[in-house]
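Below is one structure, written out as structure tokens; the observations come after it.
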Amino acid sequence: MPREHRILRLIAVIVTTVFVTMVVLNMLQARSANAQLPALAGGEGVYLMPGQMASNVWGVYVLDTDTGSLLAYRYDAGGNRLLLLAARDIGADRGLRDFNTLPSPAEIERQLDLERTMRERLRRGESAVEEAARDAND
């Protein structure tokens, strides 16, 4: 994609983001606190999702599936502007399998293996006594 097209696309994303954020803010003012917000809007590889960033702070998340980018914007009502909070290429993130999670995937696998073993032993009709004796001999 030529550089000019990428710049035009970025401008379109930012304008759309500003528009969606303003619509969301208007909806929030018009609805009660328990009202549902639209979950997702977008197309052609660019998706927007409004979200609450903090107490009384609203913004929008932008996912560009073509570039693998995730962006977060916050609406600054006092300055009547949209602020970019974060931008990230999520391509490498999607390859992670064990980052900042509890229990770890390895621990879950160990637990599943233990449960499979217990079910298999129960299926074969082994009692707890027979199981303990066999484990002691192993």
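The values are calculated or read from the model by the stated rules, or taken from the named source; none is laboratory data. Owing to the predicted nature of the structure, the values given are computational and were not obtained by experimental measurement. With ideal geometry, Cβ positions are generated from the backbone for all residues, glycine too; neighbour counts draw on all protein chains shown.
Cβ contacts < 8 Å: first residue within 18 Å of Thr16 (Cα to Cα) and assigned to a strand (DSSP E or B), restricted to the range 31-55; second residue among the aliphatic types (A, V, I, L, M) and modelled with pLDDT under 55, any location; separation 6+ or different chain. Result?
Matching pairs, first to second residue: Pro50/Leu37.
Can you name every residue in the range 68-86 that is surrounded by 12 or more Cβ atoms within 10 Å (Cβ to Cβ) and either small (Gly, Ala, Ser) or over 14 Å from Ile14 (Cβ atoms) (or both)?
Matches in the range 68-86: Gly68, Ser69, Leu70, Ala72, Asp76.
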